[in-house]
Amino acid sequence: MSAAKMIAAARRSLGMSGRPNPITREYAARNGKEYLRASWCDMAITYWARHSGNASAVLPGGDRAYTVWHVDDFEKAGRWHAGTASAVARARPGDIVFFDWGGSDRGGSVDHVGVVEKVLGGGRLQTIEANTGDAVKRRVRATGVIAGYGRPAYGSGWMEDAVKDLPMISKGAKGSNEAVQTARGLLLARSHPEVGTRMDRDFDATMDKAVRAVQKWAKIENDGIIGPDTWSVLLRVR
């Protein structure tokens, strides 16, 4: 089981549109023909989980088409994180993110669901979602509509999958770089308010100092460069 395989399965569905479609047909074959033309955002999560070998991690309560019940499953498993700004900053690729267009962080109010592809910083997540414009598309969502996320029990190897594509960044990197914004958000979540909340700020001396402090605490090379080891620490898996 891995987050990378879950994301890869979602990417293979990008561009799928209309219904019935392969996702709704497969779900309906197991759960009833009424699902052929039903809202299919959570059916897609079920489909990607099953096709990536992640069913037990992503679907702790079994197949789901109804987002509220899926949130309940994560809550019962102790793997639900309400969508506060600090919680969103700690989201990871492969998390299952739920949305409430009314702006609450209550699981019982969720309207929609997707899978996190990237954490962009500044309270923003890049997701892959189905049934958005009746298609599978990438979206960028902000804290205001994120009700929370479920953290699948992918296993100990997920970090290698999650960080391998993250770039190495260091002092001088531009604030327009998504990786710099992500790192700033993670440093804020690790109680380094000195880096500031302006997400388009460059990787400056203050941020360099905060990175070195995190590296020293984690007992890894104290060079100010955010590479795989430092990303792993910032993402709270070390």
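If you go through region 41-67 and pick out every residue that is touching a Pro at 6+ places or on another chain (Cβ under 9 Å) and aromatic (Phe, Trp, Tyr), you end up with 1.
Give the residues of region 161-176 that are surrounded by 14 or more Cβ atoms within 10 Å (Cβ to Cβ) and modelled with pLDDT under 90, sorted by residue number. Steps first, answer last, please.
Within region 161-176, the first condition is being surrounded by 14 or more Cβ atoms within 10 Å (Cβ to Cβ), and the residues that meet it are 161-163, 166, 169-171, 173, 175.
Answer for region 161-176, where residues must be surrounded by 14 or more Cβ atoms within 10 Å (Cβ to Cβ) and modelled with pLDDT under 90: ASP161, ALA162, VAL163, LEU166.
Kindly establish whether SER104 is surrounded by fewer than 21 Cβ atoms within 10 Å (Cβ to Cβ), out of contact with any Asp or Glu (no Cβ under 7 Å at 6 or more places or on another chain), in a loop (DSSP other than H, G, I, E, B) and of a type in the set (S, T, N, Q).
On the way: surrounded by fewer than 21 Cβ atoms within 10 Å (Cβ to Cβ): yes; out of contact with any Asp or Glu (no Cβ under 7 Å at 6 or more places or on another chain): yes; in a loop (DSSP other than H, G, I, E, B): yes; of a type in the set (S, T, N, Q): yes.
It is true that SER104 is surrounded by fewer than 21 Cβ atoms within 10 Å (Cβ to Cβ), out of contact with any Asp or Glu (no Cβ under 7 Å at 6 or more places or on another chain), in a loop (DSSP other than H, G, I, E, B) and of a type in the set (S, T, N, Q).
Filtering region 136-157 to residues that are out of contact with any Gly (no Cβ under 7 Å at 6 or more places or on another chain), part of a strand (DSSP E or B) and among the small types (Gly, Ala, Ser) leaves only GLY150. When region 174-187 is filtered for residues that are out of contact with any strand residue (DSSP E or B) (no Cβ under 9 Å at 6 or more places or on another chain) and either closer than 12 Å to VAL211 by Cα or hydrophobic (A, V, I, L, M, F, W, C) (or both), only LEU187 remains. Looking at LEU120, LEU125, just one residue is more than 22 Å from TYR47 (Cα to Cα), in the same structural domain as ASP72 (by TED's automatic domain parsing) and in a strand (DSSP E or B), and that residue is LEU120. Given the structure, is SER56 of a type in the set (Gly, Ala, Ser), on the phi < 0 side of the Ramachandran plot and surrounded by fewer than 15 Cβ atoms within 10 Å (Cβ to Cβ)? Spelling it out, SER56 is indeed of a type in the set (Gly, Ala, Ser), on the phi < 0 side of the Ramachandran plot and surrounded by fewer than 15 Cβ atoms within 10 Å (Cβ to Cβ). The residue that is farthest from ALA179 (Cα to Cα), among those in region 103-123 that are small (Gly, Ala, Ser) and touching a helix residue (DSSP H, G or I) at 6+ places or on another chain (Cβ under 6 Å), is GLY108.
The values are calculated or read from the model by the stated rules, or taken from the named source; none is laboratory data. Predicted model, so just to flag it, every value in this text is computed and none were measured. Glycine also receives a Cβ, built like all others from the backbone with ideal geometry; neighbour counts cover every protein chain displayed.
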